[in-house]
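Heads up, the thing below is written out as structure tokens.
The values are calculated or read from the model by the stated rules, or taken from the named source; none is laboratory data. Bear in mind that the values here come from a model prediction, so they are computed numbers and not experimental data. When we count neighbours, we look across all protein chains shown, and the Cβ atoms used for this are built from the backbone with ideal geometry, even at glycine.
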Amino acid sequence: MGPFKIVMMKRRDIPACNSITAVSEPWKTLDEGIDFARYIKIKQAHVCINGENIGGFVIFTPEPVFARGGYLRAIGVAPSMRGNGIGRKLMSFAEKTTARLSPNLYLCVSSFNRQAQAFYKSLGYTRIGKIPDLILPGKSEYIYRKQLQITRD
């Protein structure tokens, strides 16, 4: 298997991305999915792909949408591909793309999703806030932020 590359998500990628969310947190606990077609239409959805193999996806808004920052909406890696750096590659792509337009990247992560919290902390994100009971009663969404180095192409 050759190297993975990140490209814009296409409609044909939706079933593979739905398969990732079906077995991954937070979507499994929340019993919900993602409207990938919506994000494809507005060009905010990308996949990490090798031929026909989709290793993961990322959905983000690079333009400042909150407190001078872009927003990471969702990231997922296929269970069989975890531990191979695909999540880091997707995050690096989102950060570099966002850094052209925004000095910060924000994201929310569910309080029960400890694995994701550890992942974001390992990438230099800092927890800056908490929204209690946003999605599930008794659970919170934590707001994370990373300051980016602005780049201009």
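Looking at segment 75-88, which of the residues that are touching a Gly at 6+ places or on another chain (Cβ under 8 Å) and not in a strand (DSSP E or B) is farthest from Phe36 (Cα to Cα)?
As a first pass, look at segment 75-88 and keep what is touching a Gly at 6+ places or on another chain (Cβ under 8 Å): 75-78, 81, 84, 86-87.
Right, trim to not in a strand (DSSP E or B) and you get 78, 81, 84, 86-87.
On the way: Ala78: 16, Met81: 20, Asn84: 24, Ile86: 19, Gly87: 18 Å.
That would be Asn84.
Select from segment 22-40 the residues that are buried (at least 17 other Cβ atoms within 10 Å of the Cβ) and in a helix (DSSP H, G or I) and list them in ascending order.
Of all residues in segment 22-40, those buried (at least 17 other Cβ atoms within 10 Å of the Cβ) come to 24, 26-27, 34, 36, 39-40.
Within segment 22-40, Trp27, Phe36, Tyr39, Ile40 qualify.
Right, Thr61: at pLDDT 95 or above, in contact with a Gly (Cβ under 8 Å, 6 or more places away or on another chain), of a type in the set (S, T, N, Q) and on the phi < 0 side of the Ramachandran plot or not? So that I can check it myself, show each step before the final result.
Details: at pLDDT 95 or above: yes; in contact with a Gly (Cβ under 8 Å, 6 or more places away or on another chain): yes; of a type in the set (S, T, N, Q): yes; on the phi < 0 side of the Ramachandran plot: yes.
For Thr61, the condition - at pLDDT 95 or above, in contact with a Gly (Cβ under 8 Å, 6 or more places away or on another chain), of a type in the set (S, T, N, Q) and on the phi < 0 side of the Ramachandran plot - is met.
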Query raised in the report: Under the condition of being over 16 Å from Cys108 (Cα atoms) and among the small types (Gly, Ala, Ser), which residue from segment 34-82 is farthest from the chain's Cα centre (by Cα)?
Result: Gly51
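For (1) at pLDDT 95 or above; (2) not basic (Lys, Arg), each residue gets a yes or a no:
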{"position": "Phe4", "(1), (2)": "no, yes"}
{"position": "Met9", "(1), (2)": "yes, yes"}
{"position": "Arg12", "(1), (2)": "yes, no"}
{"position": "Pro15", "(1), (2)": "yes, yes"}
{"position": "Thr21", "(1), (2)": "yes, yes"}
{"position": "Lys28", "(1), (2)": "no, no"}
{"position": "Glu32", "(1), (2)": "no, yes"}
{"position": "Tyr39", "(1), (2)": "yes, yes"}
{"position": "Ile42", "(1), (2)": "yes, yes"}
Report task. May I ask you to list the residues in segment 41-54 that are outside any loop (DSSP other than H, G, I, E, B), out of contact with any Asp or Glu (no Cβ under 8 Å at 6 or more places or on another chain), in contact (Cβ under 8 Å) with a residue 40 or more places away in the chain and over 15 Å from Ser80 (Cα atoms)? Result -> His46
**Report entry** Scope segment 65-74; condition without any contact (Cβ under 8 Å) to a residue 40 or more places away in the chain and either assigned to a strand (DSSP E or B) or within 21 Å of Ala37 (Cβ to Cβ) (or both); matching residues
**Finding:** Val65, Gly70, Tyr71, Leu72, Arg73
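A quick yes/no check of all residues on (1) without any contact (Cβ under 8 Å) to a residue 24 or more places away in the chain; (2) more than 17 Å from Trp27 (Cα to Cα):
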{"site": "Gly87", "(1), (2)": "no, no"}
{"site": "Met91", "(1), (2)": "no, yes"}
{"site": "Glu95", "(1), (2)": "no, yes"}
{"site": "Leu101", "(1), (2)": "no, yes"}
{"site": "Cys108", "(1), (2)": "no, no"}
{"site": "Phe112", "(1), (2)": "no, no"}
{"site": "Tyr120", "(1), (2)": "no, yes"}
{"site": "Thr126", "(1), (2)": "yes, yes"}
{"site": "Ile131", "(1), (2)": "yes, yes"}
Query raised in the report: Only one of these conditions is not met by Pro62: (1) buried (at least 20 other Cβ atoms within 10 Å of the Cβ); (2) part of a loop (DSSP other than H, G, I, E, B); (3) touching a helix residue (DSSP H, G or I) at 6+ places or on another chain (Cβ under 9 Å). Which number is it?
Result: (2)
